[in-house]
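Participant: Here you go, one structure.
The values are calculated or read from the model by the stated rules, or taken from the named source; none is laboratory data. From a predicted model like this one, the values you see are computed outputs, not experimental measurements. All Cβ positions, glycine included, derive from the backbone under ideal geometry; neighbour counts span all protein chains shown. Remember, those area values only see protein heavy atoms, side chains included, never the ligands or the DNA or RNA. Shrake-Rupley method; radii C 1.70, N 1.55, O 1.52, S 1.80 Å.
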Amino acid sequence: MAASAGALCVAGLLALTPAAVADAGGTEPTPPGGPRAAAPHPSLLYRPGTQVRLRAGASRVPAVSALSWLVADARTGEVLAAHNAHRRLPPASTLKTLFALTVLPGLPAGVRHTVSERELRGIGAGSSLVGVTEGRSYRVADLWRGVFLNSGNDAVHVLAELNGGWRLTAERMQAKARSLGALDTHVVSPDGYDAPGQVSSAYDLAVFGRVGLRNPDFARYCATVEATFPSDGTSSYPILNTNRLLSGAKGVKPYRGLIGIKNGYTSKAGSTLVAAARRDGRTLVVTVMNPQEGGGSAVYEEARSLLDWGFRSAGRVEAVGSLGPPPTSTRPTVAPAVAAAVPEEHGSAWTEAGLIAGAAGTGAAVVVLVLRLPVRGPDRS
């Protein structure tokens, strides 16, 4: 019995060990929670340039000018093709996918909050805004629509304050990225605004998008084409999703089967996009970072060509790597500022009973871990 208990403890500790940095041979790090999905050959994702394994009859990967891109199967995690998948680049507002993964589960959609002047401080010059106004009351769901549709940095600032503050939110986002095996990402500004040292990669952003689609609230917000945003207590105004593959704005033809996810732009990052589409029972996720040709719509047209290629290539390519298995479950935790939640918005994925159960389960898990795990020094990686 002692030997069995010891073995179980060792297995548990190994499961919690942080992902290792890739070795010089170019192998991928293994994320917490298990090994990466099996591939028929070693991963090519740490190699520079375009990586693809074509079988007989497969079409060539389309010519794409982006500095980095990736196409993967959202269900299996298999990467069908990639170009500089782990190149670290400014992510712009595609980083809001990680923000949503981190913050959304702890903020019930129906909670109402009156915005203070302090919560709107520090918004970067030239930021995209949805129109959040000091002194007005908004539901959390309103703010999330402002984030996903209008990429509103004002809405991000308010949600981050509800989550415990700007700095704490950045720290939690960083921890979330590590927990998913996304080791290229460094978070400085949770809204994706250009900041020294803030980077991500096509690989990491594909991981965030893929995991986000498993959350019903995330999936619903990122697929919303248009909505209304409150302007005062009695009226509202329309907002349109800035993802042109979804909305068809500015002459971009909507992509058949598109289900979101998030676009972005800054002067330093250029245009960036994480998108997912579903056809014939298959879902693909694609990341495109900073096209070098084609103007403002290039990021959408390059994503379109990569998605088209990916759907054509079903069964005709071998994986060049894997995004790894997504987490099997996540427990919601209530953010500090909304610990005493008000009744939920109709149709929200969270219920009062679910919040209580989630909080209890999370607390129990923390107690068990504290009792069982040895004390560790600070993470210096």
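Participant: What residue, among those in region 146-177 that are within 12 Å of Pro190 (Cα to Cα) and of a type in the set (D, E, K, R), is surrounded by the most Cβ atoms within 10 Å (Cβ to Cβ)?
Facilitator: That would be Asp154.
Participant: Any idea which of Ala206, Ala195 is open to solvent by less than 10 Å² (accessible area, probe 1.4 Å) and of a type outside the set (Asp, Glu)?
Facilitator: Ala206
Participant: crowded, with 24+ Cβ neighbours inside 10 Å and either at pLDDT below 95 or farther than 30 Å from Ala66 by Cβ (or both), is that true of Leu143?
Facilitator: The answer is yes for Leu143.
Participant: Which residue is surrounded by the most Cβ atoms within 10 Å (Cβ to Cβ), if the candidates are limited to region 276-298 and must be in contact (Cβ under 8 Å) with a residue 24 or more places away in the chain, outside any loop (DSSP other than H, G, I, E, B) and of a type outside the set (A, V, I, L, M)?
Facilitator: Thr287
Participant: Still on this structure: Being touching a residue at least 60 places away in the same chain (Cβ under 8 Å), aliphatic (A, V, I, L, M), within 28 Å of Arg47 (Cβ to Cβ) and not in a loop (DSSP other than H, G, I, E, B), is that true of even one residue in region 183-201?
Facilitator: The answer is yes; a qualifying residue exists.
Participant: Give Thr228, Thr234 a once-over and let me know the one that is modelled with pLDDT of 95 or more, surrounded by fewer than 16 Cβ atoms within 10 Å (Cβ to Cβ) and not in a helix (DSSP H, G or I).
Facilitator: Thr228
Participant: Based on this model, can you work out whether Gly248 counts as open to solvent by 20 Å² or more (accessible area, probe 1.4 Å) and without any contact (Cβ under 8 Å) to a residue 12 or more places away in the chain?
Facilitator: In short, yes.
Participant: Please verify whether region 17-37 includes one or more residues that are open to solvent by 30 Å² or more (accessible area, probe 1.4 Å), modelled with pLDDT of 95 or more, among the hydroxyl-bearing types (Ser, Thr, Tyr) and assigned to a loop (DSSP other than H, G, I, E, B).
Facilitator: No, region 17-37 contains no residue that is open to solvent by 30 Å² or more (accessible area, probe 1.4 Å), modelled with pLDDT of 95 or more, among the hydroxyl-bearing types (Ser, Thr, Tyr) and assigned to a loop (DSSP other than H, G, I, E, B).
Participant: Is one or more of the residues making up region 107-120 under 30 Å from Tyr237 (Cβ atoms), in contact (Cβ under 8 Å) with a residue 12 or more places away in the chain, touching an Asp or Glu at 6+ places or on another chain (Cβ under 6 Å) and surrounded by 24 or more Cβ atoms within 10 Å (Cβ to Cβ)?
Facilitator: Yes: region 107-120 contains one or more residues that are under 30 Å from Tyr237 (Cβ atoms), in contact (Cβ under 8 Å) with a residue 12 or more places away in the chain, touching an Asp or Glu at 6+ places or on another chain (Cβ under 6 Å) and surrounded by 24 or more Cβ atoms within 10 Å (Cβ to Cβ).
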